[in-house]
1. Taking helices (runs of 4 or more DSSP H) that fall entirely within the stretch 149-256, which contain at least 1 residues that are touching a helix residue (DSSP H, G or I) at 6+ places or on another chain (Cβ under 7 Å) and not hydrophobic (A, V, I, L, M, F, W, C)?
2. Go through the stretch 77-110 and count every residue that is within 19 Å of the chain's Cα centre (by Cα) and aliphatic (A, V, I, L, M).
3. Could you please find all residues in the stretch 388-435 being within 27 Å of the chain's Cα centre (by Cα) and of a type in the set (A, V, I, L, M, F, W, C)?
4. Pick from C255, C304, C296: which is free of Cβ contacts under 8 Å to residues at least 60 places away in the same chain and near ligand 2 (Cβ under 8 Å from one of its atoms)?
5. Would the stretch 205-212 turn up any residue that is surrounded by fewer than 17 Cβ atoms within 10 Å (Cβ to Cβ), among the basic types (K, R) and not assigned by TED's automatic domain parsing to the domain that holds K318?
6. For the stretch 86-129, what are the residues that are within 23 Å of F292 (Cβ to Cβ) and outside any loop (DSSP other than H, G, I, E, B)?
7. Listed residues P348, P260; which is within 13 Å of ligand 2 (Cβ to nearest atom) and touching an Asp or Glu at 6+ places or on another chain (Cβ under 9 Å)?
8. For the structure I just gave you, tell me whether I385 is part of a strand (DSSP E or B), among the aliphatic types (A, V, I, L, M) and under 21 Å from the mean Cα position of the chain (by Cα).
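The values are calculated or read from the model by the stated rules, or taken from the named source; none is laboratory data. These numbers were taken from a predicted model, which means no experiment stands behind them. Don't worry about glycine lacking a Cβ; one is built from the backbone with ideal geometry, like all the others, and counts go over all protein chains shown.
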Amino acid sequence: MAVTQEDIARAGVVGAGGAGFPTHVKLSGKADTVVLNAAECEPLLHKDKELILRDAPMIVEGLARAMSLVGAKEAVVGVKAKYAKVIEAMNKALRPNMRIFPLPDVYPSGDEFILVYLTLGRVIAPGAIPLSVGAVVMNVETARNVANVGTTPVVDKYVSVAGAVANPCTVCVPLGTSLAECLELAGGATISNPAYVVGGAMMGRLVPTLDAPVTKTTGGLIVLPEDHFVVQRKSWDWNKTMRVGRAACDQCSRCTELCPRYMLGHPIEPHRAMRSLGFNANREADVAGTQFCCECNLCSYSSCPEGLDPRGVNHQNKARLAAEKKRWVNPPFDPSRADLLMPYRKTPTGRLMKRIGLDGFVNHGPLSGEPYQPKEVHIALRQHIGAPCSPVVNKGDVVTRGQAIAVRPVIDGKVALGADIHASINGTVVDVSPEYVKIAAVS
Ligand code: SF4
Ligand code: SF4
């Protein structure tokens, strides 16, 4: 069945593996290749591989639809070579104009820029998007959601629950289910001093409680002891990043030498950003490149021999430059650096996991049982990049699973960037606020 971009927007599809960019916008351009991002390079996360093992034909259908919309002649599935069963499942489902590209087991192979270079050999310029080199990158769960357009809008989410939990697994929950329920589905925490990371261990964020609801972009929940390296590092505030960095950075440049975006020829040099912490007349020039940092955390958690936080310095400056609308137009770009450096300086995932103390945890996450039926869901109206959706239901309304409960607002006569939002369970609306629609299940 042919679908349109508007069908995809109405079905609520956004990038399920990142910031939640609306998929219909991504599929509005023209590209010769669609790259399926099955790299899943964040340690301990497994939901994409599990989805391929179970639903490869469906994912391929979503891929085919994406190809048709952007006019692509080929699709390339980037999946780590070590996952033989995943490759086998995908190979059985692939169509003639689709192929697998076996990826090395390195971090961050799932970064869009790195993935496009590894799979297609094309280097995206700093500040550009994959479309600029004729590619569209799509996450596995997003492709599955595109395949569902016309049947089921986006109402469920797959979440890897990992770390210090009784049964590490991948759960399927209705959107708006609490993170606490996800943890229960994995048997609960096995430690007395748990801290919680939402997303991946490298790029995810610490959350103080598990009250928050699952959204369209929630990919993982990792439980770690409070004194774990990853928890400690995510607890650093700007004051600590600055104080320690100023005192201990010896300008060895290792953070830059191993930075994946630097290796692609981008003008990102974290060691220079570190210089800005001291007295430095070139401060603005030294931090200009921070706007091209993808915040993968490789420099802070792995590359820096002093255990400093160049990513934190980049983040701080990147945010400031964005707020001041200081964009580096036509930055220097040396794409030849990719072939020169990338083959020799990749960071193996196994070594990374040892370094950040994750090698002792169970590293698989099978899909767990039947879809979960919560008593109540708390559905956020902002689950994507763009404007939050406007509710179209009121307190007391009876809703059915899949019914639109919030839609993209019209701003200045134009439909705003975003994707519609749907009831994830059958029930009654018990509260509507500018942030959430709360639904209680039919008892
Ligand atoms: S690797 Fe660490 S010590 Fe070396 S330049 Fe970078 S931040 Fe400084
Ligand atoms: S977080 Fe560090 S390694 Fe990653 S892109 Fe930014 S500077 Fe480079």
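1. Correct list: 229-234, 238-248.
2. 4
3. Matches in the stretch 388-435: C389, A404, I405, A406, V407, V415, A416, L417, A419, I421, A423, I425.
4. Going through C255, C304, C296 in turn, just one is free of Cβ contacts under 8 Å to residues at least 60 places away in the same chain and near ligand 2 (Cβ under 8 Å from one of its atoms): C255.
5. yes
6. Within the stretch 86-129, L103, V106, Y107, E112, F113, I114, L115, V116, Y117, L118, T119, L120 meet the criteria.
7. Checking each option against the conditions leaves just P260.
8. no
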